[in-house]
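Input: a single structure, listed below in structure tokens.
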Amino acid sequence: MTDRPKSFHVSAEVHAYLVQHGTPPDEIQRALIEETQKLGGISIMQIAPEQGAFMTLLARAIGTRYALEVGTFTGYSALCIARGLPDTGRLICCDVSEEWTAIARRYWEKAGVSEKIDLRIAPALDTLRALPEQPQLDFAFIDADKPGYIAYYEEILKRLRPGGLILVDNVLWLGRVVDASANDEQTLAIRDFNNHVARDSRVECVMLPVSDGLTLLRKR
Ligand SMILES: C[S@@+](CC[C@H](N)C(=O)[O-])C[C@H]1O[C@@H](n2cnc3c(N)ncnc32)[C@H](O)[C@@H]1O
């Protein structure tokens, strides 16, 4: 469970060690990891356990009441964010897949967080643009189609309160961001996104080598 290929920059041994020395996934999270792995290769889309622990901690640390995620899949990241919210907190989840999010819904129910989660099945840009343009979001996570990253970021930033956080997954793209021979659509999109935020004076930004690379942005 802990030998995740996405953490390509640390050995399997070091990765297992760091997961074991953070808050571990509980029984429900472990069951969700196992059920997702049964889907086959696509399970690589699930966030890493240490990333989930980090997101719960961060969401709680900034007193998040209103959160949003783009890219829900089988619901692991949403479960982790929801656990960092108070009972009155809300998380909007954006995804296009009824099939994958049906798994998510079952686990949210088991974990007792479904009341906090509002899942919207539609292209994420439509869901985002339908939200009021008020700075009400405290916390957001972007983890969907890479060519959409800049647009998701821009729509979220308009709706994020000053001091609010955005986390963005896969920003190292298994190291292809620094491979000059990698020029596929996904890699180019991730590089464009990384360049876009690095020079954006509206935010403070740090890229962390967590799993496949996690950028943390704070709105000024
Ligand atoms: C990398 S997975 C998300 C993994 C998830 N965060 C987790 O912890 O398991 C990406 C998800 O984005 C969704 N997706 C792709 N394009 C989308 C779009 N245009 N709008 C909304 N969701 C989209 C896919 O259906 C998929 O479930």
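The values are calculated or read from the model by the stated rules, or taken from the named source; none is laboratory data. This structure is a prediction, so every number in the text was calculated from the model and none was measured. Glycine also receives a Cβ, built like all others from the backbone with ideal geometry; neighbour counts cover every protein chain displayed. Accessible surface areas use protein heavy atoms only, side chains included; no ligands, DNA or RNA. Shrake-Rupley method; radii C 1.70, N 1.55, O 1.52, S 1.80 Å.
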Flag if residue 41 is open to solvent by 10 Å² or more (accessible area, probe 1.4 Å) and small (Gly, Ala, Ser): yes
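Just to check your reading of the model, which residue among 68, 32 is within 14 Å of the ligand (Cβ to nearest atom), in contact (Cβ under 8 Å) with a residue 60 or more places away in the chain and more than 15 Å from the chain's Cα centre (by Cα)?
Values: 68 fails: more than 15 Å from the chain's Cα centre (by Cα).
Going through 68, 32 in turn, the sole match is 32.
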Residue in segment 166-177 that is in contact with an Asp or Glu (Cβ under 8 Å, 6 or more places away or on another chain), open to solvent by less than 40 Å² (accessible area, probe 1.4 Å) and within 20 Å of residue 66 (Cα to Cα) present: yes
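For segment 160-176, name all the residues that are in contact (Cβ under 8 Å) with a residue 40 or more places away in the chain and not in a strand (DSSP E or B). Don't jump to the end; show me each part of the working.
First, pick out the residues of segment 160-176 that are in contact (Cβ under 8 Å) with a residue 40 or more places away in the chain: 160-175.
Residues satisfying the conditions are 170, 171, 172, 173, 174, 175.
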Residue check, residue 81 within 18 Å of residue 105 (Cα to Cα), more than 8 Å from the ligand (Cβ to nearest atom) and buried (at least 20 other Cβ atoms within 10 Å of the Cβ): yes
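Please tell me if residue 166 is within 13 Å of the ligand (Cβ to nearest atom) and of a type in the set (Val, Ile, Thr). Reasoning before the result, please.
Values: within 13 Å of the ligand (Cβ to nearest atom): no; of a type in the set (Val, Ile, Thr): yes.
Spelling it out, it is not the case that residue 166 is within 13 Å of the ligand (Cβ to nearest atom) and of a type in the set (Val, Ile, Thr).
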Subset of segment 44-65 [of a type outside the set (Val, Ile, Thr) and either open to solvent by 70 Å² or more (accessible area, probe 1.4 Å) or free of Cβ contacts under 8 Å to residues at least 12 places away in the same chain (or both)]: 45, 57, 60, 61, 65
Residue check, residue 74 open to solvent by 50 Å² or more (accessible area, probe 1.4 Å), among the β-branched types (Val, Ile, Thr), more than 20 Å from residue 216 (Cβ to Cβ) and not in a helix (DSSP H, G or I): no
Which listed residue is among the hydroxyl-bearing types (Ser, Thr, Tyr) and buried (at least 23 other Cβ atoms within 10 Å of the Cβ), from 211, 181: 211
Residues of segment 1-43 satisfying the condition of being of a type in the set (Val, Ile, Thr) and at pLDDT 95 or above: 28, 33, 36, 42
Scope segment 93-148; condition away from the ligand (no atom under 13 Å from the Cβ), buried (at least 16 other Cβ atoms within 10 Å of the Cβ) and part of a loop (DSSP other than H, G, I, E, B); matching residues: 113, 131
